[in-house]
Amino acid sequence: VTTSADTLTVDLGDRSYPIEIGAACLEGLGLRLAGILSGRSVVVLSDSNVAPLYGEAALSSLRAAGFQADLCTVAAGESSKSLDVLSFVFDFLVRNRMSRQGVIVALGGGVVGDLAGFAAATYLRGIDYVQAPTSLVAMVDSSVGGKTGINHPAGKNLIGAFWQPRLVFVDTDLLRTLPRRELVAGMAEVIKHGVIRDEGYFAFVESNAEAILQDDPAAMARVVEGSCRIKAAVVAEDEREISGIRAHLNFGHTLAHALEANAGYGTLRHGEAVAIGMEAAGRLATERGMWSAGELNRLVSLLNKMGLPTRIPPGLQLDPLMETMRLDKKVKDGRVRFVLPTRLGAVTLVDDVSMDEVRRVCGDLIEG
Ligand SMILES: NC(=O)c1ccc[n+]([C@@H]2O[C@H](COP(=O)([O-])OP(=O)(O)OC[C@H]3O[C@@H](n4cnc5c(N)ncnc54)[C@H](O)[C@@H]3O)[C@@H](O)[C@H]2O)c1
Ligand SMILES: [Zn+2]
């Protein structure tokens with residue numbers, strides 16, 4: 001039974017698509033798909049954690065609605081965003097004789113969503129796909145906006161395509177089985193959305209922090225709805241990150257990417273790195289007199305309240321971090337590009353931050 005449902009739209013002309021947010025609605029997936037897609041053949045792509053939990057429910061819903069549905073499972077974890085695993089997915093599609101009318105359903109977190117989206121973008125020059133996100137990161141961020149791709153040993157997301165899904169189908173009940181650390185990591189992107197675009201949403205998260213940490217259904221529904229609304233608006237304004245508006249979503253990410261690259265796989269969740277990166281960007285902004293110390297305080301308090309880190313963990317050294325940033329394409333003539341807040345709910349792109357400023361702020365954030 002669908003206990004509640006909310007529909008948003010990502011406005012992209014003839015590539016527009018709905019985001020449907022409900023609770024206990026996974027069993028309605030098949031009927032919903034039957035309403036918009038003419039294809040009859042579906043491959044559900046999932047990972048080794050999510051497939052045992054929700055794979056059967058998705059398949060039976062699709063079959064009950066008249067689809068021929070098969071499950072393709074990849075290993076859980078970032079390492080599945082690879083050419084090898086992509087190749088395994090193509091083999092599965094070919095073996096299933098998936099045609100141009102076929103559909104891929106991404107049932108999983110951001111890893112599955114990015115991999116499934118890129119497989120859909122490239123198989124037979126592009127087939128339809130649907131995002132059925134199961135992690136908080138996927139529900140509030142990666143399932144919306146059409147950025148798909150895999151990693152290369154030289155860097156994250158180096159191979160990819162913009163390819164929009166036909167539908168984003170969210171069942172917030174699936175969060176019940178999500179490990180707490182993953183839920184908390186997802187909250188970093190939620191808080192980011194408030195800072196870059198919507199003070200009211202930020203304040204909602206502030207005053208509902210306890211309910212959110214307890215995975216309260218009503219609070220989570222509003223969190224997912226609020227973030228999807230913001231992400232959808234940003235994507236509709238600047239789908240391919242040309243005007244600079246979509247780049248606002250990178251708030252906290254300049255340092256986060258360097259931290260992730262240096263921490264080694266599995267030690268720091270992406271959201272945790274983003275939390276530290278947001279504090280660093282916030283400090284840069286206040287030191288430049290662009291942002292108030294009071295608002296920076298609100299940000300750091302909220303991150304801490306959520307259980308997110310705001311200090312660079314022990315073991316990470318300043319020099320290698322600075323070196324990673326220097327090698328990053330964001331650095332030009334010793335200047336780094338940062339998204340900096342000007343008030344809660346607004347940010348701006350700044351491309352003249354010096355490596356000295358970055359080093360000073362990072363030095364202050366190193367633990368110990
Ligand atoms: N395309 C985009 O715009 C975009 C945006 C943000 C992040 N990303 C990408 O998303 C990835 C990170 O996403 P993520 O944090 O969801 O990681 P993930 O897909 O690895 O999921 C995190 C963990 O939670 C497990 N899991 C997911 N849903 C579950 C559930 N309901 N119950 C129990 N376990 C569950 C997964 O198996 C995994 O172990 C990164 O690769 C990142 O680059 C993409
Ligand atoms: Zn992110």
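Each reported figure results from applying straightforward, stated rules to the coordinates on display, with no laboratory input. Predicted model, so just to flag it, every value in this text is computed and none were measured. Here Cβ is always computed from backbone atoms with ideal geometry, including for glycine, and neighbour counts include all displayed protein chains.
Structure above, values below:
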| quantity | calculated |
| --- | --- |
| Charge dipole (debye, nearest 20) of segment 7-56; +1 at Cβ of Lys and Arg, -1 at Cβ of Asp and Glu | 140 debye |
| Cα centroid of segment 116-131 to Cα centroid of segment 290-368, whole Å | 36 Å |
| Net charge dipole size for the chain [Lys, Arg +1 and Asp, Glu -1 on Cβ; Debye, nearest 20] | 620 debye |
| Top of K332, K231, K156 by mean-square fluctuation, Gaussian network on the chain, Cα under 10 Å | K332 |
| Nearest 10 degrees, 0 to 90: helix 355-365 Cα axis against the chain principal axis | 80 degrees |
| Extension gain from T9 to N96, taking 0.36 nm per residue of separation minus the Cα-Cα distance | 28.1 nm |
| Dipole in debye (nearest 20) - segment 1-160, about Cα centre, beta carbon charges: Lys, Arg +1; Asp, Glu -1 | 460 debye |
| Relative contact order [Cα under 8 Å, 6+ residues apart], the chain, whole percent | 14 percent |
| For segment 218-283 and segment 59-101, distance of Cα centres in Å | 28 Å |
| Beta bridges per DSSP with both ends in the chain, % antiparallel, nearest 5 | 45 percent |
| C-alpha long axis of helix 180-197 to longest principal axis of the chain, angle in ° | 70 degrees |
| Spin-label model distance (nm) - E367 vs E287, 7 Å beyond Cα toward Cβ | 2.1 nm |
| Nearest-0.05 FRET efficiency for A218 and Q68, computed from C-beta distance (R0 35 Å) | 0.40 |
| The chain: angle of helix 217-237 to the longest principal axis, Cα-based, in degrees nearest 10 | 80 degrees |
